[in-house]
Amino acid sequence: MTDVNSIFNISEGSKKRRLDDLSNLVKRYKSGLDDEPNSIEPSGVEDDYKQDVETNDDSRPDEPPEDDEGGRFFGGGLTEEQREFLDYVDKYEDQGEDEKYDAGWVRRQVTKLHRIMQRNAQLRAKFYDKPEKFLDSEEELDTAVKSLSVLTEHSTLYPAFVEHDGLKIFGDLFAHENSDIVVDAVQVFEELTDEDTKADDVDVKTLLNGAIDAGLLDALVTNLSRLDDSKGVTDSDQKQSDEDQNDEPERAGVFQILNVIENFSSCQETADALFIDNSSKRHVGDTGLLQWLLQRMLVKEKPVSQNMQYSAEVLSIILQKSRISRIHFCQQEYTNKDLGELSGVDVLLRILAGYRHFDPPAEEPEETEMFENVFDSLAIVVQDPIGKDKLLEYEGIDLLILFLKNGGRRGKARAVKVVDYALSSGLSSQLATDFVNNDGLPVVFKLFMSSRFTEAKNHRSAARENNAISLDAVLGIIASLFRNLPDSSSQKVKLLARFVEKNFEKLDRLLLFRDLTVKRIDRADIIIHTERATFSATRPKRKEAIEDWEAELEAREAEWYIRRLEDGLFRLQLVDTIIAWLVAEDEEGDLGIKDYGLKKLAQTNATLDDVKNTLEAYREDILPKTPSTDNGDVDGATEEEQEQRQEATDLADMLAVLIEFL
């Protein structure tokens, strides 16, 4: 049987977009919409058909049989006069100028598109073995689908589009037998939901929520498996066959579906529902999206395709936005035909294990970006208790230490951040113990003693440079080890010994960091003080204007505080926390840390009172301001917000204890 998709591709000719530069795919598609639909040349099938009719009456298609329902199956229940009237209405609508875009226009467009789809379905059913017979109706449907993109210029009509079952039309289009029509429908829907569309958030949320209710997400996920996305699976030295090149629009369709899914994640409500069957309220993962993303990331590709990279990026975006997704990502196991049962954290670690000795090639930007996206996903999930448990279960700390020892520049920088996040709460005791037991201390203190951090000029750039190891992350790891290692344990003794060995060289380095950081903060404070004085001079005298001025002042104070954090306040908080831990652990002075530290602090005109002031201000900043009930709950707070509040409270309590030792 003739392949209808191949006929449809010939009919469209050069109108189909290729995936040579997927990063510009959306822009290219939008620019393609400016072309006149009528510019498509006829394929010649119709002329051949007319010629056959003239020479052979037997070749004419059979007329629809009249049944008891009045020919309702093929004729839709319409008489010849009614069909002529509807054709006249279609022609009149197409010729209309300065058309008014309102709810009535939306209703007419939905009705028109529904009629075109019915006509196409009827022809497909009748001539199922002669695709050339319904080719014209395919082209008509494709043109009608693309015309819906005009809604992007009238986004206030989104609610009307939902009300008039416009999204049901998209659901039918996503299930169409012709993959080219599916791809074009996905591209139009991506335009409607794209963040670049100048639409009100309420209208976009209405469209996205309506799409979830209409089952569009399930249809999109189904098409991810249906469309061919095999580019890059073969070796890079193999040439793509003509058949592979014909599949290019389908790979573009996969990219567009991922783009739509990213658009869904822009709204919290739909982000949480991305993996939920809305009809039965089943748990996360029922749509199969998460499993598809993980399976796609495990495909062996050289070079890495943009669809593979985009799959990793979409996963990191969803995990960052939705805690529901993070929990399921860690809990649910998926079956891989080659690797067996895998959980999400296991998949991430398996992908990263291939890069433990080297970074992705610089000449492969897609592979580099995918590598970074996978690390981002891991950094996100290990901040949750269940993510920490999975990192422990799959021996992820061991892999991260290997990155710190032998990894490339990018790998080391990202591994440091993941370890920092993994240890950064009071629920990380076992991870901290494993880190020390697996020889993590020599590795982290080697980074701590790096000569790069001793240069004042690098104190800001090193923290800001994306591919450089963050000193803040290194300090965060050390502070978290002090907090999470059990008291009097052999692991904590080893940690303290690091600051005593070699004539307190680690303590010298820590106090050097403090001196450089304080100087940076002082310079920033001078600038902020000037800005604050300048703004204070603008305080209005009229009472009605004071409220707006005070609101602006509050916003500026928040901005100034963020600038101080970026200019070193956060680093100073970490350094002084470590100093306080050292003083507390050497309360009796047996180790000599306290006396040596006091002497070195005096050389920089500082005392333990300065450390105490830093920690008191730090504690005041993180202490939850909203009053809670006896059990710690706050009305209206989510479970995640409650846990964050509890973590802040625990950290504030720990700082209070350290302040007492000072």
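For the reader, a short list of remarks on this structure follows.
- Kirkwood Rh and Cα Rg combined as Rg/Rh, segment 122-227: 1.01
- Normalising the average separation of contacting C-alpha pairs (under 8 angstrom, six or more residues apart) by the number of residues puts the relative contact order of segment 113-219 at 30 percent.
- A Förster radius of 30 Å combined with the Cβ-Cβ distance from Ser536 to Asp609 puts the calculated FRET efficiency at roughly 0.55.
- For segment 390-524, the Cα-based Rg and Dmax, in that order, read 14.9, 46 Å.
- Across segment 279-394, the relative contact order, built from alpha-carbon pairs under 8 Å that are at least six residues apart, equals 30 percent.
- In plain terms, the residue of Ser325, Ser265, Ser225 with the fewest other Cβ atoms within 10 Å comes first and the most crowded comes last, giving Ser225, Ser265, Ser325.
- Residues Asp213, Asp439, ranked from the fewest to the most other C-beta atoms within 10 Å, line up as Asp439, Asp213.
- In segment 486-661, Cα pairs under 8 Å separated by at least six residues give a relative contact order of 22 percent.
- Centre separation in Å (Cα based) which lies between segment 370-434 and segment 323-352: 16
- The alpha carbons of segment 129-178 occupy a box of 42, 18, 13 Å along the principal axes, longest dimension given first.
- Cα gyration tensor shape of segment 277-426, rounded if a/c is under 1.5, else prolate or oblate by comparing a/b with b/c: oblate
- Segment 486-661 - Rg over Rh from alpha carbon coordinates, Kirkwood radius: 1.07
- Relative exposure of Ser305, Ser425, judged by other C-beta atoms within 10 Å (fewest first): Ser425, Ser305
- Pairs of Lys residues in segment 486-661 that lie 8 or more places apart, or on two chains, and have C-alpha atoms under 24 angstrom apart add up to 26.
Each reported figure results from applying straightforward, stated rules to the coordinates on display, with no laboratory input. None of these values were measured; they are calculated from a predicted model. We place every Cβ from the backbone using ideal geometry, glycine too, and count neighbours over all the protein chains shown.
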